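Okay, so here's the structure we're looking at.
Values quoted throughout were computed directly from the atomic coordinates according to the rules given, and no laboratory measurement underlies them. Small disclaimer: the values here were computed from a predicted structure and weren't measured. Counting neighbours? That spans all protein chains shown, and the Cβs are built from the backbone with ideal geometry, glycine included.
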Amino acid sequence: MGSRWPEGRSRGHPTRLQGTERPHHPPRGLGPSRLSRGGRVGGGAWRAGAGPAAGAQLPGRGLRDLLGRGLGWDPAGAMELLSALSLGELALSFSRVPLFPVFDLSYFIVSILYLKYEPGAVELSRRHPLASWLCAMLHCFGSYILADLLLGEPLIDYFSNNSSVLLASAVWYLIFFCPLDLFYKCVCFLPVKLIFVAMKEVVRVRKIAVGIHHAHHHYHHGWFVMIATGWVKGSGVALMSKFEQLLRGVWKPETNEILHMSFPTKASLYGAILFTLQQTRWLPVSKASLTFIFTVFMVSCKVFLTATHSHGSPFDVLEGYICPVLFGAAWGDDHYHDNHGGSHGGSHGGGGPGSPHSALPAKSKEELSEGSRKKKTKKAD
Amino acid sequence: MGSRWPEGRSRGHPTRLQGTERPHHPPRGLGPSRLSRGGRVGGGAWRAGAGPAAGAQLPGRGLRDLLGRGLGWDPAGAMELLSALSLGELALSFSRVPLFPVFDLSYFIVSILYLKYEPGAVELSRRHPLASWLCAMLHCFGSYILADLLLGEPLIDYFSNNSSVLLASAVWYLIFFCPLDLFYKCVCFLPVKLIFVAMKEVVRVRKIAVGIHHAHHHYHHGWFVMIATGWVKGSGVALMSKFEQLLRGVWKPETNEILHMSFPTKASLYGAILFTLQQTRWLPVSKASLTFIFTVFMVSCKVFLTATHSHGSPFDVLEGYICPVLFGAAWGDDHYHDNHGGSHGGSHGGGGPGSPHSALPAKSKEELSEGSRKKKTKKAD
Amino acid sequence: MGSRWPEGRSRGHPTRLQGTERPHHPPRGLGPSRLSRGGRVGGGAWRAGAGPAAGAQLPGRGLRDLLGRGLGWDPAGAMELLSALSLGELALSFSRVPLFPVFDLSYFIVSILYLKYEPGAVELSRRHPLASWLCAMLHCFGSYILADLLLGEPLIDYFSNNSSVLLASAVWYLIFFCPLDLFYKCVCFLPVKLIFVAMKEVVRVRKIAVGIHHAHHHYHHGWFVMIATGWVKGSGVALMSKFEQLLRGVWKPETNEILHMSFPTKASLYGAILFTLQQTRWLPVSKASLTFIFTVFMVSCKVFLTATHSHGSPFDVLEGYICPVLFGAAWGDDHYHDNHGGSHGGSHGGGGPGSPHSALPAKSKEELSEGSRKKKTKKAD
């Protein structure tokens, strides 16, 4: 089952990468046979795309209760539910759904939507359209660029996918320059947006899985390489947001995505760890099943967070227990509060000898408010 | 004709790249047979180098009139002129002129001259010679570094060209440390400088053509890859100016080359699009002819702009018509004024819903003046 | 002798790199036969590691006198001493000492110690453990990342060394989170720290040598490539300190390691030049001997500088003579004072024509004090 996995989105089959230098014309996207197997891309994939979202809505009440009570996750209940739906079969057919035209479109729409939410992005698009277009491309393809950088491949490798780049450019144009802002108003309508957000998460999870498969092909025992590749593939532009901001003439050095991780970045990291465990046979579950379960989890969380305009994270409770144990009990409650957007921080961080921590306490308040402001603007990237 | 094109400056013939991993001793620069064909490098190339410049001066009056009337470009008149000179033959012999010692020297001289124009560059060279030398190398070889980064090749690949690096280092030393500033004063003498500026444009256009040929070899249908590679090959250090400034301890995040494109950067972008169209057979013209025509255009514009200390751009008129249509009529005149170094901007940029553009209008004035100041310092990079 | 050199730490033997695409399971670290040859890694290497340090202490009085008199270096005396110890034999057996568990451990300890000295690093580790861990990894493996970037290899290539990464992570955890700060207090105890510092220099010198060997394999005549690779391999995180600071939310653009080189960065540059001369047969000495001599030099200097909390550099005297001759006599004493942490600078830097140096003199004082403060915090990186 795992062997035919990453055909949908991978850059040519990795085993074929070995023989030749680099596949110049990889069968990216969908070959004809792929299309005939996936069938009815337009409508079919939409329905298939709506499937997981509907599946996430199905246990909606229970999930909302669970998430309400500290955003936890009950694997036992989910497994029960999924086995009732005959998980294996469902996951397998889910893994066959092609991503290219519809799911990728949703990914582009949501990504560029969050670019438009950034302060000053609209003015930028009017006065410097090229810079705005470049930012949009980073929002759409940042994960590929970062993964290529880590794995030593050409940074613009993915831009040889003309159809993807043209699709993303069309979305950028419609979102920023559509007359009367019609397109923007349509995709911002909450029910529509929630569907797009759900579909974006489907793409994100598959990118993590494919990224780890790709890294595993290069480094069979490179655990850290696999996790890093999966992480950057899942996080996308968030990890290169400093560079993206610089392109727009914005510079806020006192914070970054590593210091104040948003939910998708954190979930991508945990997902990358899970997929790496699966890839190295430590997690006794098929890749299709793990992808399906993790997709359901991500879609539910993200749709819930977007619908409720919440900035929390389901991991806060877990981290509130683990971090104090691992990284110092004295700072535990500080860390806990910080994760909940706390307002006091670092005031009692008496460091070890030799650490003249002069600068930090003075600006930590500003830094925190900066971080929380950032969380608000990109609440559901 | 196209097949023997990029011998002059390419990194070994691309077709030879395929067989081996990487050519360790590519016949860079000029082999003996190449020299005998090109003949009389020192004097001959000088005369050949002066050729296009003289050719640009030949229709000087007409061109100056044209440029004076909105910096336009009349292709019909140019074609007529060139056909009278039997374009094909001229272009072909022009494409055979080797670049290495003389044209490259001009490129280095003009590039390092503009480094010396930067505020603080002279103090830097006295107090931190190594940093100054590194900046000079970025100014001379930035385009190769960026293109290598994009195409996944070693960043310091070009630095294995010992002769080029030594030549650039000698130019750096003479410009910054020559007794009585003799060398600097000589190359700054306007007629001399105009010749060097003209020869730099010859190198720039050929770098764009070779870059696109190189990218095309890797990605046969990668339109965006070709355009990007050609662009960075033509723009050079401008696109990495943030990094170069950081090396000198200067940091101005509120502006960058993408936001305020100088004429060479913009011309490189348009040139890269033209050469990509030629490479993919959409533009029915030979590469030698296109190179020749575009070189004449660049040389004329750049010499005119340098001679008149103008900061305008021949593209302003065209963009003033196209941008309002494509990117919103309401902001059209704003954009138009901005391109002419306007002082008001973004004051009426009422963005779409969800874009709290608080920071930008406050600093846009400063940003614009920053941008125009920058334009002044690097008026003819 | 040179042929079996870089087995200890190189990424697979370079000659084996040629045949395959990339060695997925290179015999990194120590194979069993290597262990049996090196023998008794734990204790043996410790004793071997203490060897050069003891050797540096042996001529301690003479050296201290020499260093006291302007931090000079008397090669004649050293050669005499070394020939008495039968240099060739000693160097050869020294080159056979494996680095992996013990010397690398010292490298990690000292590197992460200097991370902990940075202002705010302790708070960072409490509130953002992942960012702190990433910084620690950059401190330990920054040289590999930079060299991979320059040579076009995957940036995270070295992170496939699971054992090294786990060892560095353990050191990071112990230094930052050990109960009662016991581990930190132990390794900060001056005699213990001096041993670790000495062993770190052993690793540094070997990394320079291996880096140049590696670059020479790719570019046989690439002098600049070899020097650059050796330099970044020796300097490590220092050359990417801007990026590392940004990760911690710190941004000081007005200074950088190139502008204010610390002793290890400078010594790595000079060492890289020496090793490049050796590699290209211009320096008639075996690689093992050069490594041994340079290691003794680095260990002595670094141990002396650390023990005396000095921020000077043995190169200051030499540079005070050479720089005024090469880079302008008028600024010679300025440069000399600057190297000694002088307080006045750039006040009489009347640049050439066309350089409106407005910004620099105003902030040069701040810049200098910034630089000297930085020197203090990372006095013995």
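Mind listing the phi-derived Karplus ³J(HN,Hα) values for the range A:295-303, rounded to whole Hz, using 6.51, -1.76 and 1.60 with θ = phi - 60°, and x for any glycine or proline?
My calculation for the range A:295-303 gives 5, 4, 4, 5, 4, 4, 4, 5, 5 Hz in order.
Given the pairs A:302/C:242; B:116/C:242; B:193/C:266; A:242/A:302; B:302/C:242, which span a C-alpha to C-alpha distance of over 30 angstrom in this model?
Numbers: A:302/C:242 34 Å; B:116/C:242 25 Å; B:193/C:266 37 Å; A:242/A:302 24 Å; B:302/C:242 36 Å.
Over 30 Å Cα-Cα: A:302/C:242; B:193/C:266; B:302/C:242.
One decimal, nm, shortest first: give the distances between the label point of residue A:307 and those of the same position in the other copies, each label point 7 Å from Cα along Cα→Cβ.
7.0, 7.1
Hey, which residue of A has the C-beta nearest the axis mapping A onto C, and what's the distance in Å?
A:152, 4
Given labels modelled 7 Å from the Cα in the Cβ direction, how far is it in nm from residue A:285 to residue C:134?
Placing both labels 7 Å along Cα→Cβ, they lie 2.6 nm apart.
Label points 7 Å out from Cα along the Cβ direction at residue B:310 and residue B:89: separation in nm?
Output for this residue pair reads 3.4 nm.
Which chymotrypsin sites (Phe, Trp or Tyr not before Pro) from the range B:162-251 combine a DSSP loop assignment with at most 12 other Cβ atoms within 10 Å?
Working: sites: B:172, B:173, B:176, B:177, B:183, B:184, B:189, B:196, B:219, B:223, B:224, B:231, B:243, B:251; in loops: B:189, B:219, B:251.
Loop-located and lightly packed - B:189.
Between Rg and the Kirkwood Rh of the range A:177-224, both from Cα atoms, what is the Rg to Rh ratio? List each step's numbers first, then the result.
Numbers: Rg = 17.8 Å, Rh = 13.4 Å.
Taking Rg over the Kirkwood Rh, I get 1.33.
Compute the projected area of the convex hull of the Cα atoms of the range B:187-301, averaged over all viewing directions, and report it in nm² to one decimal place.
Values: hull surface 33.7 nm².
For the range B:187-301, averaging the hull's shadow over all directions gives 8.4 nm².
Once phi is turned into ³J(HN,Hα) by the Karplus curve 6.51 cos²θ - 1.76 cosθ + 1.60 with θ = phi - 60°, what whole-Hz value does each residue of the range B:143-157 show in order, with x for glycine and proline?
For the range B:143-157, the Karplus-derived couplings read 5, 5, 4, 5, 5, 5, 4, 5, 8, x, 9, x, 4, 9, 3 Hz, x marking Gly and Pro.
For residue C:151, list long-range residues whose amide hydrogen, built 1.01 Å from N in the peptide plane, is under 5 Å from its own amide hydrogen.
HN-HN under 5 Å from residue C:151: B:155.
Long-range amide H contacts for residue C:315: which residues qualify at under 5 Å (H placed 1.01 Å from N, peptide plane, sequence gap of 5 or more or a different chain)?
For residue C:315, no residues qualify.
Counting only C-alpha contacts under 8 Å and six or more residues apart, can you give the relative contact order of the range C:99-327 as a whole percent? Write out the running numbers ahead of the final one.
Working: 245 pairs, mean separation 51.2, N = 229.
Computed value for the range C:99-327: 22 percent relative contact order.
Against the 2.2 N^0.38 Å scaling, with N counting residues, where does the range C:99-327 land? I'd like the Cα-based Rg ratio to two decimal places.
On the way: Rg = 17.7 Å, N = 229, 2.2 N^0.38 = 17.3 Å.
Computed over Cα atoms of the range C:99-327, the ratio equals 1.02.
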